[in-house]
Amino acid sequence: MSTTRTAAPRPPLAPASQPRQAGEDGSGNAALTADHLYRFFRTGDEEILALRGVSLSVAPGETVAVVGPSGCGKSTLLGCLAGLDEPDGGTVRVGGERLSHRPEAHRARLRAERIGVLLQSRNLLPHLDVRANVRLARTAGHLRRSGGHATGRGAPRVEVDELLDRVGLSRRGGAYASELSGGELARAGLAVALANDPDIVLADEPTGELDGQTEKHILQLLRERAGAGAALLVVTHSPRVVAIADRVITLHDGTVTS
Amino acid sequence: MSSGTHHTPPPVPSPRSTHGETASPRGSTPLQTRPPQSAAEPAGLVVTCEGVARTFGEGERAVVAVHGSSCSVRFGTRTAIVGSSGSGKSTLLHILAGLERPTAGNVSWPGLSTTEHERQGQIGVVFQSPSLVPALTVAENAALPLVLAGLPEGETAERVSEALRLVHVEDLADQLPEELSGGQAQRVAVARVLARRPALILADEPTGQLDQASGQHLIDVLLATAEQIGAALVVSTHDTEVADRLDAQWRMQEGRLSLDDPDPRMSAGQIDQPAVPTTSPATSRSVGFRR
Amino acid sequence: MIETWLTGLLRRRGGRLLSVSVGIGVAVALIASLGTFLTISQETMTTRALRSVAVDWQVQVQPGADPAAVRAAVGASSGVRAALPVSMARSTGLEATAGGTTQTTGAAVVLGLPDGYRTQFPGEIRQLSGSPTGVLVAQQTASNLHVRPGSQVRIGLGTSRPATVTVAGVVDLPQADSLFQKVGAPTGAQPSAPPDNIILLPAATFAAVLGTPTTTPPSGAHPTPVTSVTPVTTQVHVARSAPLPTDPAAAYAEVLGAAHNLEATLAGTGVVGNNVGAALDAARSDAAYAQMLFLFLGLPGALLAALLTAALVGAGAQRRRDEQALLRTRGLAPRAIGRLAALEAALVAAGGAVLGLAGGALASRWAFGDGAKPAGRTGLLGLSPAWSLVAVLFGALIAGVTVLAPAARDLRGLTVSGARHAVGRARSSWWMRYGLDFAVLGAALVVFWVSSSDNYALVLAPEGVPSISVSYWAFLGPALLWLGGAMLLWRLATVALTRGRRPLARVIAPLTGRLARPAAATMSRRRRPLTRSVVLLALAISFAASTATFNATYQQQAEADAQLTNGADVAVTPAPGAPLSSTATAAIAATPGVTRVEPLQHRFAYVGADLQDLYGVNPGTITSVTSLQDAYFQGGTAAQLMAALAAKPDSILVSDETVKDFQLQPGDLLNLRLEDRTTHQLKTIPFHYAGIAKEFPTAPKDSFFIANADYVTKATGSNAVGTYLVDTSGTNQAAVAADLRRALGSSASVTDVTQTRAAVGSSLTSVNLAGLTRLELAFAVILAAGSGGLVLAIGLAERRRTMAIISVLGARRRQLQGLVMAEASVVAVGGLLGGAVISWALTQMLVKVLTGVFDPPPASVAVPAVYLAATVLTVVLALAAAAAFSARTSTRPAVEELRDL
C-alpha cells in the first residue's frame, strides 16, 4: 500500500490558489482530475507517505494506465480517485465537481452516478447472486440520478440480463461468488462495475490473475466502454493492459515519474 | 515496508553461470549444492502421476478440473505448467503437492519421504493467494517450516534471514502479514519455501501479484535456489514470458495435459520414457536441509 | 434493494443470523421466564395473603354509635360483598355439670353470630363435632368443661343470674388471633393470646341472653331476656369482593386506601381492623425481596447473554466491514447502508424474540410446572405479557447495540480505505492506561461499605405506609464488583499474554510440541479475542457459581429456619403436665428410622417481673440432633458456649434484650425464679450470664434462656421434658413422625420438619424458589457452556486458515489439534480461575447485601459442590467439543480451505 518511510513533514493542504495541473488533454473537458494529491499513513511512530503530490487527468474516452513497482502507491491513488479514501492534501474532481473533502453522502452520490470501480478481487457481495449484485449497483446509480426517489423495484431485469449477456455470464446470473471460477468472477466484477453506466471507470489490477483469453475479453469490454465516451484509468502491471492504453503514467515512490 | 528502491532487481546469481559455486553470503550456512553429476545419468524421480483426474461436485453439476493425466518430475528439473485460468493447472499443481487427492489415477513421490507430514515438509508450495499465517510476523512465518522440521533455533534464524534477503524483504522481518502489500506477501511466501530448502518447489502463479520487474526477479530467485539445492521446480503461470524462462513447458487446456516442449524426453503424459533433464541431475533423494 | 438484500441474507447467511438470534433469544428467554416467575410469585403471595384471612375487615362499632347504622353504611360501601354484625360480650365464667362433677372456667368471651355468618366467612369457624347451627363452644372450652353436643352450659354474667344454653356443636377457631384483636390498637398493644374460653351463640340467643335489642324476637331461646350490666360490643365483619392487583404492594395500597375511605365514610362511628391489609403488608416486603432477587440474579444473566451476542456479532465484523466498503464503492449513501444494517438488526431481533419467547415458555413450564401460569391473564405461551414485552424490547436493544451500532460506527469512519485497514497491532485499552478497573473495584468496596452501615436494609416497608422503598444502591456494589473483576481479569490476561510469551510456550509445549513458540506468538498477537473469551467465560462462571452459591445458602437457611422452628427432624411434645412414661420414651428411641433422641427441657422463669421461656439442654449432646449455627449466638461460637454450659453448669445464655435490660456483664449473677416441683412454689435459682442466644431450636423469636438441663433438674427437682428432639439423619421425617404418632397416640403431639417447612417461612420461601433456582442454574450452565464454546467460534475463519497453512507446511494432525487444544486450555484455565476468584468475592458480597432475605442470617455460605463441579465439567466439555470441532476442520483438505479464503 504505502511506499516509503520518511520523516517528511505533513504536506500542506493544496491551496485553492494553486494552478490546476492537468494532463496533456487539458483540464477543461477532463472527466477526472487529480491535483497535487498527498496521502500519508501512520504506523506506530512512523509516517509513510504513499502519495506525494500526484497530479493527473483523464479525458472522456481516454484510457490511462498507471504502472509502477508494487507498493508505489497505485492502489492508494485509485482509492483517492474513487473517493473511497480522502487525500491528506490536494483535490480530486469529477467532471469539474469536487469529489475530495466532501461529505461521504456527496461522494457516494458521485460514485453512484458517475464512477465504476473494478477491483482485482472481491467485487461481489458473497451473499447475493451475480444478478442481484449487478442490480444493486445499477439501482444505486439510477436511484441517485432520478433524484433519490425509488421508481419501483430497482433496475429492470432486462437491463441487468443484457449487461450479463455482454460480459458472457447470461447463464450464471443465479450463481454466487463462491460458485464462480476466476474468469467468471472477473467478468461478474466488470458487470457490477459497469452496472451504473459510469462516465469514469477505475480498475485496480483487473487482470492480475487472469489468463490471456479472459484478460483479452475483459480489456475488450473496457475498451468498449471507453469507446462509448467513458474515461478509463487502469492500475496495472500487465504489459497487455499497457498496450491498449492511450497514455501511461508511471508512479514511483508516490510521485509521477513520467 | 519496502523502500521502493528495488525497482530494478539487484543481480541474482544466474542459475547457469554460477552453478556449483554459489554459496550463501554467510559461509557457515551455504545453501547446499548438489554434487555435479554426469549428464548421462538420469536423475531420480520426485513425483509421478498416472492417469490422475480430479472431479469437483457430483452428478450433473460435476466439473472435471483435470482429466486423466500422467506426468513425472525429476530432481533438478524446471517445468512450467501453462494454461488459461480455469484450465486445471492449479488443481494439477495441488495434486503434485499432495494437497488434493485425485478422484482417479495414482500419484506417488518415489523421491520423497513416505510419511505424509514429512513429505509435506519436503514439498514447498507457493500459493496463488496469500498464504501467510496472519498472526505471525514475516520472520516467524518464514521460520515455520523449519520449526516444524525441528531445526535448532540459531540455524533457523540464519536460514530465515538469508531467505528473506534473497527476495528483498529482510526489512519486513517484524511486520505482520496484514501490513504487507500483495507483492510483498507473495515474496515472503517464496522466502518461506526457500528457507525450508525443499526437494520439490511448486509455485502457483507466483508472479500474479507482482509487477514485471519484481516478477522476473522472483523467477530468478526461484530458479537459482532450485539449482543450488537441487530441487525440482514446477511453476504454473499464464505468463508466457515466465514460462519461457523454464526448461520445459506443459500445457493445460480444459483439464487436459499436453506436452508443449520441443524436447520429447520431457515426461508429460508418457512416464515410461526416461526423461533426462538438462540441468543438474541427481541420483539420490537428498534434500538440502539438515536434520 | 431491501428485498434482494433480505433474500440474500436469509439464503446465504441463515446460519450466522440464527446464531446471533439464539444469543439474543437466550437473553429474551431469561428475562421473560424470570419475569414470569416474578409475576407468578407475586400473585402467589397476594393470593396466599388473601386466602390466609377469614374476615377481610373487622369494623369495630364505636361506643355510642348505632350498630345497625354502621352495618348499613359498611354494607353500602363499594367493594363489599357481605357485612354482618358480630356481638361480643365478656362472661365471668362458664360452668357445666357432667357425670356428677361440675367444671368451671375463668373469664370467657361470648360471641353473637348472625344467621348466614358461617356461609359468608367459612374460614372463621371449623366444625369439630355436633351441629353447625345453634350454640357452639370452642374446642379448648369444651375440654375444659367436659361438655359435648347436647350438654348444658351456664354462662356467668356478673351480677345477673347465669344464662343456661344447650351446646349444639364443638368448633375450632383457626383465626382466633385476628378475631379477638383489639381493633385500632398498635401491634404492641394487641393481646398476646386469644381468650381461653369462647362460646358462640346465634344472634337471637345472644340477644336473649345479654339483652341486646334485636330485630327479630327470640324464638326457641328458653331464658327470658335480662338487662345485663355486661357491656356488649359490636363488630361488623366484612367480606370484600373488589378485585385486587396481583402485586402485593399495589394490593396493599389499594386495600389500605379502601379501609381509610370506609373509616372516613363512617365518620368516627367505626374503626376498621384491616386483616387483609395486615396480611398483604407482610407479603409486600417479601415481594420486594423477590424483585431484588430477580434483579441480582437475573439481570447479570441477561447482560451476559448480551455480551455473548456482541462477541458473536463481533466475529463477523471484518466481513461486515468488507461488505460495507463494497457497498460504498458502489455508491450507496451512508443512510442506505445504515438501512441495510438496520434490516439485519431487525431480523435478528425478531428471530431472537421468537426463539426467546418459545424458549422462555419451555423454560418456565419446565421450572415451574404446568400450573404456574400467571393467573387470569395468561399471556402468550403462558408467559407474563408485560415481561414478554420487556424481554423482547431488551432483545431489540441487544440487536441494536451489537449489530447496528458497530455498523454505524464504521459508517462514520471517514473513508472506505480506513474501514479496510481497521485491523492492526493490538494496543492497550484506554481504561487500562487510566486504571479504571481499580477505580471500579474501589467504588464497589465503597458502595458495599456504605450499604453495610445501613445493615443492608434493602427493603423498607414501614408498617401502615403504602409506599415501599427498595435500596437499589446496594445493587451497585455487587454490580461494580462484577464489572471491576472482569476488567481486572482483562488486564491480567492481557499482561500475561503480552509479557508471558516464553513461559506460555513452555506451558503449552506438551500440547503443541515443536510449534510451542509460534503458537505462543500467535496467542500473544491474538490476545484480544483470547482475552475476551477468558473474561466472558469468567463472567459466565462467576454468574453460575455465585447464583448457585446464593441459592444454596438460601435453601440452607430456609432449612435452618424450619429446623429452628421444629427443633429437629422430628419433635415429640408431650401434653402439658403429662410427661411421657419411660416405656414411651423407649418407644421413641426404638422406632425405626430414629437415630437419636435428645430431651429438651422447657420451663418458665421469672427474671424480675418478666416471664420468659427457659430451655434446659444437655450441652454435650444437643448438637447430635439439631444444628446450632454460630450465627444464633453472640459472645462465642455455638461450640464454645455449649462447652461453657458444660464446664460451669450454672451458666446461662440470655437474649440480647435481657442483657440490655439488666445491664449484664459476662460472669454476672442472674437470679431466676422457677417453679419447684415439690412445693409448686417459685424458687430463686442463681445462674451466671455466659453469653447471648438469639435463636435456638423450638425457642420463640423473642427473649428466652438456655441453661444446663442437669443444673435445672437439680435446682427444681424436676426433669420434666418439654420436647423430645428426634434425629432421623435428615431422611424420612414424615414417615418416622407418622410412626411416632401411632405409637404415642394422644399423649404427645408429633411434628416433623417437612410439615414445618411448609407451614413456616415467609411467603418468599413459600413461592417456588426451587423453580427459580432450577431456572437460573439452567441458564447459568447454558451461558457458561455458550461462552466456552463461543471462544473457539470467534476467529474460526482465521484459525482455519492458519491451520490449513501450517498443515501444508508439514505439520502433523496431532500438532494441529494441539494448537487448538492449547488455545482452549488457556481460555479454560484463565476463565475458570478468574471465574472462581470473581465468584468467591461476589458471593461473599451478595450474601451480605441480601442478608435481609435470609432468616436466620447465614453463618457461612453453602457451596453447592455438585452443581459447581457439573458446571465446570459442562464448560470443559463445551470447550473440548468446540476445540474438537475446530480441529476437525483441520482435517479438511488444506487446499480447499485456502481456496475458500
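The values are calculated or read from the model by the stated rules, or taken from the named source; none is laboratory data. As the structure is a prediction and not an experimental result, all values here were calculated from the model. Cβ coordinates were reconstructed from backbone atoms using ideal geometry, including for glycine residues, and neighbour counts include every protein chain displayed. For the accessible areas, the whole protein counts, side chains as well, though only heavy atoms, and no ligand, DNA or RNA atoms are used. Shrake-Rupley method; radii C 1.70, N 1.55, O 1.52, S 1.80 Å.
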Would you tell me the mean number of C-beta atoms belonging to other protein chains that fall within 10 Å of each C-beta in B:117-124, as a whole number? 4
Excluding residues fewer than 8 places away in the same chain, name every one of the lysines whose C-alpha is closer than 20 Å to that of C:K648. C:K714
Dividing the convex hull volume of the Cα atoms of the stretch C:566-758 by its residue count, what figure in Å³ per residue is obtained? 114
Residue-averaged [θ]222 nm for chain C, counting only DSSP H segments that reach four residues, each worth -39500 (n - 2.57): -18000 deg cm²/dmol
Efficiency of FRET from Cβ geometry, C:L295 and C:L10, R₀ 22 Å, rounded to 0.05: 0.05
Applied in sequence order to the stretch C:806-815, the curve 6.51 cos²θ - 1.76 cosθ + 1.60 (Karplus, θ = phi - 60°) yields integer Hz couplings, x standing for Gly and Pro, of 5, 5, 5, 7, x, 7, 7, 3, 5, 5
Rounded percent of accessible protein surface that carbon and sulfur make up, the stretch B:153-199, 1.4 Å probe: 47
Tell me which of C:V53, C:T573, C:G134 sits at the most positive position along the dipole axis of chain C, charges placed on C-beta atoms (Lys, Arg +1; Asp, Glu -1). C:V53
When the dipole is taken about the Cα centre of chain C, and only Lys, Arg (+1) and Asp, Glu (-1) are charged at their Cβ, what size is it in debye, to the nearest 20? 5980
Let me spell out the model: positive unit charges on the Cβ of Lys and Arg, negative unit charges on the Cβ of Asp and Glu, origin at the Cα centre of the stretch C:566-758. What dipole size does that give, in debye rounded to 20? 360
Among B:H168, C:H602, what's the order by accessible area (1.4 angstrom probe), most exposed first? C:H602, B:H168
Would you list which lysines come within 18 Å of C:K660, measuring only between C-alpha atoms, while excluding same-chain residues fewer than 8 positions from it? C:K694, C:K701
When each pair of different Cα atoms in the stretch C:593-669 is counted once in the 1/r mean, what is the Kirkwood radius in angstroms, to one decimal? 14.0
Roll a 1.4 angstrom probe over the protein heavy atoms and tell me the percent of accessible area of chain C that is carbon or sulfur. 60
Counting sequence-distant residues (5 or more places) and residues on other chains, those with an amide H built under 5 Å from that of A:L118 are A:L202, A:A203, A:D204
What accessible area, summed over both chains, is buried at the B-A interface (1.4 Å probe, Å², nearest 100)? 1800
Give the accessible surface of the stretch C:566-758 per residue, rounded to a whole number of Å², with probe radius 1.4 Å and ligands, DNA and RNA excluded. 45
Cleavage-rule hits (trypsin sites (Lys or Arg not before Pro)) in the stretch A:154-258: DSSP loop, at most 16 neighbouring Cβ within 10 angstrom: A:R171
Label-point separation, C:T102 to C:Q681 (7 Å along Cα→Cβ), nm: 3.2
Find which of A:V241, A:L210, A:A195 sits farthest along the positive direction of the dipole of the stretch A:194-258, computed with +1 on the beta-carbon of Lys and Arg, -1 on that of Asp and Glu, about the Cα centre. A:V241
Give me the lysines in straight-line cross-link reach of B:K89: C-alpha distance below 24 Å, same-chain residues under 8 apart excluded. A:K216
Amide H of C:V109: which non-local residues (sequence gap of 5 or more, or other chain) have their own amide H closer than 5 Å, using H built in the peptide plane? C:S91, C:N197, C:I198, C:I199
Could you tell me what fraction of 2.2 N^0.38 Å the Cα radius of gyration of chain C comes to, as a two-decimal ratio? 1.22
Accessible-area loss of at least 10 Å² in the complex relative to the chain alone (1.4 Å probe) applies, within the stretch A:112-135, to A:A112, A:V117, A:L119, A:Q120, A:R122, A:N123, A:L125, A:P126, A:H127, A:L128, A:A132, A:R135
Which Cα, out of C:Q733, C:T585, C:S703, lies furthest along the positive dipole direction of the stretch C:566-758 (beta carbon charges, K/R +1, D/E -1)? C:T585
Over the C-alpha atoms of the stretch A:178-252, what are the Rg and the largest Cα-to-Cα span, Dmax, in Å? 12.1, 38
Spatial extent of the stretch C:98-158: Rg and Dmax, with the Cα atoms as the point set, Å: 12.8, 40
List, in order, the whole-Hz ³J(HN,Hα) value for each residue of the stretch C:543-555 obtained from phi through the Karplus relation with A = 6.51, B = -1.76, C = 1.60 and θ = phi - 60°; use x for Gly and Pro. 4, 4, 5, 6, 4, 5, 5, 4, 4, 5, 5, 4, 4
Rounded to one decimal in nm, the spacing of the 7 Å Cα→Cβ label points at C:S749 and C:S860 is 3.6
When B and C pair up, the total accessible heavy-atom area removed from solvent (1.4 Å probe), in Å² to nearest 100, is 2600
Check which residues have an amide H placed less than 5 Å from C:L614's amide H, if you skip close sequence neighbours. C:R603, C:F604, C:A605, C:F705
Quick one: 3J(HN,Hα) in Hz for the stretch C:583-600, Karplus 6.51/-1.76/1.60 with θ = phi - 60°, rounded, Gly and Pro as x. 5, 5, 5, 5, 5, 4, 4, 7, 5, x, x, 7, 9, 7, 10, 10, x, 10
Ignoring ligands and nucleic acids, C:M88 exposes an accessible area, probe 1.4 Å, in Å² to the nearest 10, of 40
To the nearest 0.05, what FRET efficiency results for B:A213 and C:A405 with a Förster distance of 56 Å applied to their C-beta separation? 0.75
